[in-house]
Structure formats: C-alpha cells, structure tokens
Amino acid sequence: MDMKIVVLGAGAVGLTIAAKLSRVADVHAVARKRHADAVRERGLLMTGIWGEGAYRFSCSEDLPDAWLDADYYIITAKSTDTEAVCRQFAGAIRGREVVSLQNGIGNEEIIGRFTDRVIGGMIITGFEWRGDASVHVSVEAAPMKLGRFPSGMDDAVGRLADLIGEAGIRVEATGGIRSDLWSKTLYNCALNPLGAVTNVLRGAHRSARLGNRHRDRQGGIPGGGS
C-alpha cells in the first residue's frame, strides 16, 4: 500500500513537493482555492530543474476525513502561519509524524506543542509562481535535509527520505537537523541584504556564478505558503 502524505499550507513549495511525491505516494495538498481549483482542473504545472509536466493529485481548501490517517503531514506554510495551521489541523496531526519544510527558526518548537513526532526539514530551492498552480523551479543550492527534531535519526525519517529520493528530489537524512536549519538562516541573512543592496533577485546572483541559472523569486529560499 502506498504511503499517504498530506501537505498543509501548500503554496509554491508545498504544491511542487506534492506534485513530485504524487508519483510515488498517495498525496493530498491543502491550498488556497484558486490553486486547488487549478490542480483539480488540469494539474500542477511544473517547469525548471525538477522536470516539466502536469501533475494531478488530490487538492482542496480543507482536509477531507479520508486523509486523517496520513503517514506524514508536511507543513510548508509561511512561518507566521505555523501556529494557525497547527491549530486548524490539531486533531489530524496529534501524535502523527509532522514535517516542517519552512523558512525561519522556531517552527519545529511550535509544531512540537501539537505532536511529539516532529521532523525538521531544510530546503534551499527556488520556486517561482508562473500562474495559479503553475510553478517554475529555478535553482537548488543543496539537497533537502531531513532529521528528527531537535536531533537524531530513526526509521520514520529514513522512510520519508527514501520516498522523497524515489520521487526524484535530492535529499539527505541527518542526525543534526538543528545545525542545518541555522545554516540556512545564516545563508538567507547573507544573501537577502545582497539582493536588497544590488536590487538583483536571488537567482540572478547564482546565475552570475553558474552561468545558466534562472532567477528565484519565491518559495523554498524566500518562503512559500501563499
């Protein structure tokens, strides 16, 4: 039986991850109405370095009862919305494996008030909206990292990492996810002011180094729950 994965607060990051995972698992994404409608109508349209195509999967503004027994709940909402998302879906996530793939520090601690099974995640990948439920994946600075929060490794982390890898996303399981989360924060602290001073979007700085990358405007690097 396929794993059941629910993505909560799915914006550009969450919908794209849901799309990739839909090839190897049963997936439902909770997203804004305009994106959910578009996914149901013609699928999530993806372009860029993660591949191109239309991906169909279950998507709505709410969480149907059929998805209350998911193996993993992945939160990709903006950090300012973490507590609201946890409160909204408290009944579903209580005692379940809940993964944070978000920007900022402190999301995992908030999630930990609702479940004792928290997996921290770090993703430094650029996701750019190209329309409703249409995302361009522009740049990937490092593999995704997953680890038991605040530290450690276990079978649940390993199974999720294997599944994400099977979906075609570069990923590494780690026993020190807290360090990876702080590393990403420092990365953002260094790069965000550079973009502000030069008035150049983040992906363009990477383009200057790599020669053939496209710009990044929104998503796993800057944030993505909208």
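The values are calculated or read from the model by the stated rules, or taken from the named source; none is laboratory data. Just so you know, these numbers come straight off a predicted model, no measurement behind them. Quick reminder, even Gly has a Cβ in these numbers, built from the backbone with ideal geometry, and neighbours come from all protein chains shown.
Here are the numbers for the structure shown:
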{"quantity": "Selection count, region 48-60, where residues are among the hydroxyl-bearing types (Ser, Thr, Tyr) and loosely packed, with under 14 Cβ neighbours inside 10 Å", "calculated": "0"}
{"quantity": "Members of region 116-147 found to be surrounded by 21 or more Cβ atoms within 10 Å (Cβ to Cβ) and either in contact with a Pro (Cβ under 7 Å, 6 or more places away or on another chain) or of a type in the set (D, E, K, R) (or both), listed by number", "calculated": "Glu128, Glu140, Lys145"}
{"quantity": "Cβ pairs under 6 Å, 6+ apart, first in region 89-113 and under 21 Å from Ile17 (Cβ atoms), second among the charged types (D, E, K, R) and part of a helix (DSSP H, G or I)", "calculated": "Ser100/Glu108; Ile110/Glu83"}
{"quantity": "Failed item, numbered, when Val157 is tested on (1) more than 14 Å from the chain's Cα centre (by Cα); (2) part of a loop (DSSP other than H, G, I, E, B)", "calculated": "(2)"}
{"quantity": "Residue identified as among the charged types (D, E, K, R), part of a helix (DSSP H, G or I) and surrounded by fewer than 23 Cβ atoms within 10 Å (Cβ to Cβ) among Arg87, Arg113", "calculated": "Arg87"}
{"quantity": "Per-region count, region 32-84, residues of a type in the set (A, V, I, L, M, F, W, C), in contact (Cβ under 8 Å) with a residue 60 or more places away in the chain and assigned to a loop (DSSP other than H, G, I, E, B)", "calculated": "4"}
{"quantity": "Which numbered condition Asn103 fails, given (1) under 24 Å from Val139 (Cβ atoms); (2) at pLDDT 95 or above", "calculated": "(2)"}
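This table checks each residue for (1) surrounded by 24 or more Cβ atoms within 10 Å (Cβ to Cβ); (2) of a type in the set (Gly, Ala, Ser); (3) in contact with a strand residue (DSSP E or B) (Cβ under 9 Å, 6 or more places away or on another chain).
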residue	(1), (2), (3)
Val6	yes, no, yes
Gly9	yes, yes, yes
Ala25	no, yes, yes
Ala29	yes, yes, yes
Ala36	no, yes, yes
Val39	yes, no, yes
Met46	no, no, yes
